[in-house]
1. Positive end of the charge dipole of the chain (Lys, Arg +1 and Asp, Glu -1 on Cβ, about the Cα centre): tell me which of LEU362, LEU423, ILE40 has its Cα farthest that way.
2. Rounding to the nearest 20 debye, state how big the charge dipole of the chain is about its Cα centre with +1 on each Lys and Arg Cβ and -1 on each Asp and Glu Cβ.
3. Using modelled amide H (1.01 Å from N, peptide plane; none on Pro or chain starts), what sits under 5 Å from the amide H of CYS359, excluding residues fewer than 5 places away?
4. Over the Cα atoms of the chain, Rg to Rh with Kirkwood Rh, two decimal places?
5. What's the Kirkwood radius of segment 4-177 in Å, using all Cα pairs?
6. Give the average over all directions of the projected area of the C-alpha convex hull of segment 96-248, one decimal, in nm².
7. Taking the Cα-to-Cβ direction at ASP366 and at ASP405 and moving 7 Å from each Cα, how far apart do the two end points lie in nm?
8. Which residues in segment 132-162 place their backbone N less than 20 Å from a point set 7 Å from the Cα of ASN51 along the Cα-to-Cβ direction?
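Throughout, read-outs are computed from the coordinates displayed, never taken from laboratory work. Remember, it's a predicted structure, so these values are computed and weren't measured experimentally. Heads up, the Cβs are rebuilt from the backbone with ideal geometry, glycines too, and the neighbour counts pull from every protein chain shown.
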Amino acid sequence: MAEVSFICKRTVISTKPVQPGKFCPLSVLDRVMERNYLHIVLYYQSPVERNPGELTKKLREANAEMLSSFPIITGRLLKTPEGHWTIKCNDAGMRMVEARAKGSVEEWLQNLDREKELQLVHWEEMFHKPYFWSTFYVKVTEFEEGGIAIGLSCTHLLSDPPCATMLMKAWADMTLGGKMISPPLFHPLPGRRPGNTKASHDPYVELIDHYKSYADMPAPVLDTKQATVTLRFEDEFVRSWITRFSSEESSRTPFEALAALFWVVVSKVKGTKGGLTNMSICLDMRKVLGLDRGFFGNCMVYNKVNGDGIEGHELCEAANAIKEVVKKMDADGIMDLIEWLEARNCQNPPWMNGYDLICVNLEDVDSYSALFEDNARPLRVSYYIEPPVGEGQILILPPPAGGRDTFSRVVMITLPENEVKKLLEDALIQELSPTILMGLKKTPS
């Protein structure tokens, strides 16, 4: 296995000082995600031969330029008099770790597992004095025989996966062309528009009750070793799979079809009886709320899908249940949740990925748009929403190549190690002939 050697850890500060006395308040959708954090890893080939450390230096300098547009990242956490987190924009900077790995990036990707991949990110838990804690970390690893990996880690309190992806794209734009193509937008969540609520509107009680149930639960305990595998499903197989539910391809999205597949298969490997394993889906609500794609802040919402009474072979019923929940998550329903969370004050944030099987829709995240050098798209991108507690996690991602019309998808699945083995052997999974991009750790023979 290729080894990663630590070189140094630096603090990168923005090139332009922030306005004195500036604060960035956090929304209720930010505050409910306090217990979680994110990792993203991007892999690149080296289009040109460089001296060791040359590209890392260029990335560090561009990072400082980029951070001038992201004061929330270089600031530090403080509590308001009401007990809510806010960011004091004080130019304290972002931590950047530099490292080196043996071999080439292509060799690394040929034999990859969760434990190995997480060597490419750096994360530190919140200090007992949060004001001195960096909320964002990057790790740049140069491979001795060519290639580079860039790992981003951050608290979910400040960023969801679309925001973290936007940050990487902004950094890449600054590195490649010296200009940020799509600057971030910092503003509060929208309020309910006057007169825009239906006269007959009833509060979305099911969504509110889902968050309420999490708030009342004790902290989950992680006592089983988790494994993550990454599977790529090609366009033709996903389209064929969708036609099993309906003769009309347009009646199902790839997310609904693949979420149903994994919901059924994971329930089977867990031995769930009398229905399917409890599952929550997580969707990006920017478009639903009329927000620009550049909005920087949490806007992903969890909702329960009821699997009671759905048998393991009833894939169509599973897909219908998912489709119905997606349909119900409209602007009024999300505003109901936001208003309830604001009234509740959210002093004790729940573990949003701590109890159910979680299925996250990241189909529209532009994962492969971060080009740090000419014609050098990422070879692969991985996402982790941590810590890995609860029944498991399914992330449905776009493929490395292909336009908006392709149904090809990459799926990252995190489950207890023994369950992952069963999942990979399942006949329904094998029927779609996925390519295993990241598998289980190989034990020495």
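1. The Cα lying farthest towards the positive end belongs to ILE40.
2. 1160 debye
3. Sorted by chain and number, the residues that satisfy this are SER280, ILE281, CYS282, ILE394.
4. Values: Rg = 21.6 Å, Rh = 22.7 Å.
Checking Rg against Rh, the ratio lands at 0.95.
5. On the way: mean 1/r = 0.0593 Å⁻¹.
Roughly 16.9 Å, rounded to one decimal.
6. Quarter of the Cα hull surface area: 17.3 nm².
7. 2.0 nm
8. Of the residues in segment 132-162, 141-148 have backbone N under 20 Å from the label point off ASN51.
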